[in-house]
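Taken together, the values in this text are just the output of simple stated rules run on the coordinates, not laboratory data. Keep in mind that this is a model prediction, so the values were computed, not measured. Backbone-built Cβ (ideal geometry, glycine too); neighbour counts: all protein chains shown.
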Amino acid sequence: MKYSFVLPTQKNIFSNEKTIEFEVNTIAKQAASSVVVKSGTCWVLVAVTFSENPRQDIDFTPLTVDYLERMYAIGKIPGGFFKKEGKPTDQEILKARMIDRTIRPLISNFFHDVNVYVQVFSADVNESPEILGLIGVSLALNISPIPILCPVSATLYKNDSLELVLASTKDKITMIEFKGKQVNEETLFQAIKESFEINKKIIEFQEKIIEDIKPEKLSSSIIQLPETLEKLYLEHFSEITKQALNEGDKKKRNELLNQLSLDNLKQKVAENQELLNELNQYNDFQFSLVKKKYLKEFLKSQVFNEKRRIDNRSFNEIRPITIETGVLPYPHGSAIFTRGQTQVLSVVTLGTKADQQMVEGLTLEEEFKRFMHHYYFPPFSVGEAKRIGPPSRREIGHGNLAEKALEPLIPDEFSFPYTIRVVSEVLESNGSTSMASVCGSSLALMDAGVPIEQHVAGISIGLLTHNNEYILLTDIQGFEDFFGEMDFKVAGTKNGITAIQMDTKLDGLTFDIVYNTLIRAKEAREKIIDIMNSKISKPNQLSPRAPRVLVIQIEPSKIPEIIGPQGKIIKKIIEETNTKIDIEEDGRVIIYSTNEQDGEKAKELIENITNFQEGKIYLGKIVRVEPYGVFVKIAEGKIGLLHVSEADMGYVRDAREVFKINDEIVVKILKIDEMGRFTLTRKGLNQ
């Protein structure tokens, strides 16, 4: 079945009238449901499957989203030796995470394994396939047997200063991803409202398709908690639960929480054989569900009734912050940012243009990144004994979020011609390590001498709801994140927001919650930046170990003269001066060296070539001697003839009698012909 609808032109969202088509269950027919979404030449397949039987060991939906971009979709053959796609790229993982965070809260009490596959079959440079994919996922889930609360849609809002992806149901906001050039809260909120209205139109069309298909839905599973287990938990473990919720130290809290076990409960009723027999019917999984239920209930009661957080902070209070800069002796810049029991080491490395990362994706041109942020979360940061593996989806996502937050402050290549890599190593984790990475990386960039104008800081705002009330929690700990209902990460400067990543466990957030969260985050961000400025408020001098850079501007027409045949001239300059040299099409010559002397030497050699003109004086070296004169090399690739009549030595019968190869002599360019050949003279040099 095929369906199509038209969206009118919408500034910052659709530059032209937009037609979206859906083909429902026409291909991939063995999946539970499938949808092909089309717009322009962009075709995206969504296929949904689920396992036959529910899992018995979990209390959440085991959902996996895979997003695939094959290079054939844009008519390209993959690079590399094997010429085929390998493991998912970072961009594929980021797009899969965006879809996952949007739909996950809308599927509840369904314990079958659910797999969502999104694959781009054909691309369009004017389309965002991940947005079409997300819309297709919503429709595919809603026409499948899988119980889902309602349809959802996403819109990409984009202009010169911001890029916003907003996902929402008809009533609430479910996911936000944002990057911007220090955008104020009011401007962003207006973009959110406009995007929301577009989403409603797309959702209304989905509802018509769902009504037309009338899918049969499986029932949601309801986990019944044993009454006896609940009663005994409250009787014997209420006090320990309250103690844990009053303990600000993560280790000590975990020690208390570990006492809340089924085995310990059995010990407490050991003298009552009847109760013990009943407890023996239950397993650790059932007990864990009871434990989670009352931990959350007690936490909400403490927050709403006692107006108190687990570490006794006020709702808008940030944990204590300490900062160290220049902590590592060899790297170009470093900083440790500690907020409560969250600690991140950020390290900056400055490199050359050759160090830029080539990004291959569904675009017509290859892209090169000169700023990269990478994030690592080792097991020891949470006290776990595990092997370190390749970066997880979460690590890739957090690294990208920090990169988006910092990128608007990175100076352009003309003013700071370095490739910049920042690595954030999480040393201790108890909530919002991604935002600590933003702060630590901003500090490390200044420590490295990168000329960023001001600091970027990040904060995570949490949420608890009860009946019709809600409370925002600034700078959430891991416990508040796990049992809370929102993780709203906001990063930016004092001037505005640069990045946001929001997800929720609820079926969505109201406009009121979103707006107040933005304001709360602004207050926290400004406080953190004040603390960062008290440590370092302007960039240091470059590290002596960082590459030195000289930039020469030449006429683009002279570039071949520097390069020489088969690159011989530029290779010779690089070899003689121990430098790295990049030449841009616009005539910029960028020289990288480990010290200023080598860089200046390379600059002089290049200028000797490019400033080649009649009347200019050079110290040259004789490379060939003939009876009628000598050939003198005055620069790489520049060899001219000094005739004996121009040697200013009176009558010379044979030049071989007075000149030798490798002699250095001072000469002046006498004449340059139309072919670039030139003659030399020594006449008038002593005047």
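Observations on the model:
- Exposure proxy ranking, count of Cβ atoms within 10 Å, fewest first, for LEU641, LEU685, LEU509: LEU685, LEU641, LEU509
- Close amide-amide hydrogen proximity is noted between MET175 and ALA167, each under 5 Å apart and 5 or more residues distant or on a separate chain (H modeled in the peptide plane; Pro and chain starts excluded).
- For SER33, the residues whose modelled amide H falls within less than 5 Å of its own, excluding neighbours fewer than 5 places apart on the same chain, are VAL48.
- Unit charges on C-beta of K, R, D, E only; dipole of the range 264-383, Debye: 580
- Farthest toward the positive end of the dipole of the chain, out of THR610, ILE583, ILE536, is the Cα of THR610, where the dipole comes from beta carbon charges about the Cα centre.
- Furthest towards positive pole of dipole, SER314, LEU132, ASN159, structure part the chain, Cβ charges: ASN159
- Local net charge near LYS538, Cβ-Cβ under 12 Å (Lys/Arg +1, Asp/Glu -1): -1
- The slack in the chain from PHE82 to VAL382, taken as 0.36 nm per residue of separation less the alpha-carbon distance, amounts to 104.2 nm.
- With 10 Å bins beginning at zero, the pair-distance distribution over Cα atoms of the chain amounts to 3, 12, 19, 20, 16, 11, 7, 5, 4, 2, 1, 0, 0 %.
- Whole-Hz Karplus values for the range 274-287 come out as 5, 5, 4, 4, 5, 5, 5, 7, 9, 10, 4, 5, 4, 5 Hz, taken residue by residue from phi with 6.51 cos²θ - 1.76 cosθ + 1.60 and θ = phi - 60°; glycine and proline positions read x.
- For the chain, the Cβ-based charge dipole about the Cα centre amounts to some 980 debye (Lys, Arg positive; Asp, Glu negative; other atoms uncharged).
- With the cut-off at under 18 Å, measuring from each backbone N in the range 557-584 to a point 7 Å along the Cα-to-Cβ line of LEU619 picks out 576-577.
- Inter-part distance where the range 10-41 and the range 258-305 are each reduced to a Cα centre, Å: 49
- Taking the Cα atoms of the range 350-441, the ratio Rg/Rh between the radius of gyration and the Kirkwood radius comes to 1.02.
- Based on alpha carbons, the Rg and Dmax found for the range 88-183 are 14.1, 44 Å.
- Cut-off 12 Å between beta-carbons: net charge of the residues surrounding TYR376, Lys and Arg +1, Asp and Glu -1: -1
- Secondary-structure-derived ellipticity at 222 nm for the chain, considering helices only, amounts to -10000 deg cm²/dmol, per-run term -39500 (n - 2.57) for DSSP H runs with n ≥ 4.
- Coupling constants for the range 207-212 follow from the phi torsions by the Karplus curve (6.51 cos²θ - 1.76 cosθ + 1.60, θ = phi - 60°), and in residue order they are 4, 5, 5, 4, 5, 5 Hz; glycine and proline get x.
- Dipole of the chain [Lys/Arg +1, Asp/Glu -1 at C-beta], most positive-end residue of ILE20, GLY431, THR681: THR681
- Net charge of neighbours whose Cβ lies under 15 Å from the Cβ of GLU636, counting Lys and Arg as +1 and Asp and Glu as -1: +4
- At full extension, HIS236 and ASN159 could sit 21.9 nm farther apart than now, given 0.36 nm per residue minus the alpha carbon distance.
- Net charge dipole size for the range 372-487 [Lys, Arg +1 and Asp, Glu -1 on Cβ; Debye, nearest 20]: 420
- Close amide H contacts of HIS112 (hydrogens built in the peptide plane, cut-off under 5 Å, sequence separation of 5 or more or a different chain): ARG55.
- The range 227-305 shape via C-alpha gyration tensor axes, a/c threshold 1.5: prolate
- Spacing of the modelled spin labels on GLN243 and ASN126, each 7 Å from Cα toward Cβ, amounts to 6.7 nm.
- The Stokes-Einstein estimate for the range 64-123, based on a Kirkwood radius over Cα pairs and taken at 20 °C with 1.002 mPa s viscosity, is a diffusion coefficient of 163 µm²/s.
- Coupling constants for the range 316-325 follow from the phi torsions by the Karplus curve (6.51 cos²θ - 1.76 cosθ + 1.60, θ = phi - 60°), and in residue order they are 10, 8, 8, 5, x, 10, 10, 9, 10, 10 Hz; glycine and proline get x.
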